[in-house]
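Here's the structure, in structure tokens; my notes come after.
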Amino acid sequence: MTVIQETTVAERVAQALAFLAQAEAEFAVGDTRQAAEKLYGASVQAVIAASIQRGWDYHSHRANKNAARRLAKEYEDPFLSTGFTAAEKLHIHFHHGGMEDYQITTDRHDVRSYVKRILKLVEEHEADRAASRR
């Protein structure tokens, strides 16, 4: 039996930031596969934080991909979906390798930007919710 432990938005944000830092450390030593997986993990954690805020399901890959699409629609920003797609490519690289260096470089920067964008939206959403409770 699998037990899914619920976490908070803050915990997911912290994990996303930790994965970003770990990715940089892995890139620094030349382990692109581990770095790629950490970037994918950071993107998923960021999307989960946004999903928790909104009461969306986040317990599967499909749910997270759908959440990225919903965020893109909510903010009228296609990058909020395509950034997740770039992260998925890095996840595939972790398992199978094969990405060219230029692809990794491009997707690496795109995914870092994506995660930072999602985390900024999460922060703004929290601030808006706090302001509306006053």
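Look at segment 1-24 and say how many of its residues are modelled with pLDDT under 95 and either part of a helix (DSSP H, G or I) or surrounded by 23 or more Cβ atoms within 10 Å (Cβ to Cβ) (or both). Of the residues in segment 1-24, 0 are modelled with pLDDT under 95 and either part of a helix (DSSP H, G or I) or surrounded by 23 or more Cβ atoms within 10 Å (Cβ to Cβ) (or both). Condition (residue is polar (S, T, N, Q), open to solvent by 40 Å² or more (accessible area, probe 1.4 Å) and assigned to a helix (DSSP H, G or I)) applied to segment 38-54: is it met by at least one residue? Checked segment 38-54: no residue is polar (S, T, N, Q), open to solvent by 40 Å² or more (accessible area, probe 1.4 Å) and assigned to a helix (DSSP H, G or I). Under the condition of being open to solvent by 80 Å² or more (accessible area, probe 1.4 Å) and aliphatic (A, V, I, L, M), the residues counted in segment 60-115 number 1.
For segment 55-73, a residue qualifies if it is among the small types (Gly, Ala, Ser) and in a helix (DSSP H, G or I), and the qualifying residues are Ala63, Ala67, Ala68, Ala72.
In summary, Phe27 fulfils each of the numbered conditions (1) under 30 Å from Glu100 (Cβ atoms); (2) free of Cβ contacts under 8 Å to residues at least 12 places away in the same chain; (3) buried (at least 16 other Cβ atoms within 10 Å of the Cβ) with the single exception of condition (2).
The values are calculated or read from the model by the stated rules, or taken from the named source; none is laboratory data. Since this is a predicted model, take the numbers as computed values, not measurements. All Cβ positions, glycine included, derive from the backbone under ideal geometry; neighbour counts span all protein chains shown. Areas reflect the complete protein model, heavy atoms only, side chains present, ligands, DNA and RNA absent. Shrake-Rupley method; radii C 1.70, N 1.55, O 1.52, S 1.80 Å.
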